[in-house]
Structure formats: C-alpha cells, structure tokens
Amino acid sequence: MSLSQTDIFTVAEQRLAWAGERQAVLARNIANLSTPGFRAMDTPDFQRTLAGSTGIQPVRTDPNHMVGTIDPGMAARPVPDTAAATMDKNNVRLEEQLMKVADTETLHSTVTAIFKTYMTMFNTALGKAS
C-alpha cells in the first residue's frame with residue numbers, strides 16, 4: 001500500500017489545504033479592516049468541502065491534464081451579516097477575525113501533529129528508524 005493512497009493522509013492533506021486557504025481569506029479580511037464597503041469573507045466549512053458539495057470539478061478530457069490542488073469549492077464566500085456595519089459599510093470585526101485565525105492555527109497544528117504521529121507509526125511498521 002502506498003502512503004499516498006492512505007485515507008488519513010488524503011484527508012490530512014485536504015484539511016491542511018483548507019486551513020491554508022482559510023488563513024489567507026482571514027488575512028485579507030484583516031488587511032481590509034478600514035476599507036469602506038469591504039465585506040468579510042470566509043471559506044465553507046471543511047465538512048462541506050470534504051463532501052464535495054461546494055464546487056464543481058472540471059472534466060478532465062485528457063489523461064495528461066493536471067488535477068487542481070485546491071478544490072474550487074473552497075473559494076471564499078461572503079459572511080452573512082451578524083452585526084451592524086459601520087458607517088462606511090464595512091462589516092469586518094477585528095476580534096471575530098482574530099478568533100477565527102487562532103482557531104484555524106490550532107486546527108493546523110493538530111492536523112500536523114496527527115500526520116507526524118501516523119508517519120512515525122508507518123516508519124516503525126516498515127522497520128525504519130526515525
């Protein structure tokens with residue numbers, strides 16, 4: 001069995017890609033904190049991304065076509081307004097964005113730790129020293 005075909009590694013790779021995309025979206029929100037009219041964005045929940053219910057994959061008409069690395073369904077979407085916008089119609093709340101950044105960073109660290117643990121177990125099973 002190839003390590004690249006193991007489900008846990010596939011899910012970990014997708015989760016890390018999702019976390020990276022979410023961090024980029026949140027960073028964009030924070031960077032536009034004072035931009036008039038800017039609307040906060042966020043990525044869809046990972047469960048929706050994993051289920052493939054968020055986007056349409058292009059058809060590969062030739063076996064030489066490359067597969068994309070990030071599901072187009074992970075594209076950022078506007079966040080529903082939960083609080084009143086400021087006078088300049090900007091709905092970005094710094095505290096909310098920083099909480100999401102911290103949550104995503106914690107998730108990223110957890111997935112990385114799980115990935116490292118599984119790699120150590122595979123190396124042990126294969127008789128390779130770490």
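Details
- As a rough guide to protection, the peptides 11-20, 34-43, 113-122 ranked by mean Cβ packing within 10 Å, highest first, stand as 11-20, 34-43, 113-122.
- Net charge dipole, the stretch 84-130: roughly 280 debye, given to the nearest 20, about the Cα centre with Cβ charges of +1 for Lys and Arg and -1 for Asp and Glu.
- Using heavy atoms of the protein chains and a probe of 1.4 Å, the accessible area assigned to Leu126 is about 110 Å².
- Across the stretch 29-40, rounded Karplus estimates of 3J(HN,Hα) from the backbone phi angles (6.51 cos²θ - 1.76 cosθ + 1.60, θ = phi - 60°) give 4, 5, 5, 9, 4, 9, 7, x, x, 5, 10, 4 Hz, Gly and Pro being marked x.
- Sites Lys116 and Leu50, calculated FRET efficiency, Cβ-Cβ separation with R0 22 Å, nearest 0.05: 0.55
- Solvent-accessible surface (1.4 angstrom probe) belonging to Lys89, in square angstrom, nearest 10: 130
- Net +/- balance of residues flanking Thr106 in space, Cβ distance below 15 Å, scoring K and R +1, D and E -1: +1
The values are calculated or read from the model by the stated rules, or taken from the named source; none is laboratory data. Bear in mind that the values here come from a model prediction, so they are computed numbers and not experimental data. Positions of Cβ are generated from backbone atoms using ideal geometry, with glycine treated the same way; all protein chains shown enter the neighbour counts. Surface areas here come from the heavy atoms of the whole protein model, side chains and all, with no ligands, DNA or RNA. Shrake-Rupley method; radii C 1.70, N 1.55, O 1.52, S 1.80 Å.
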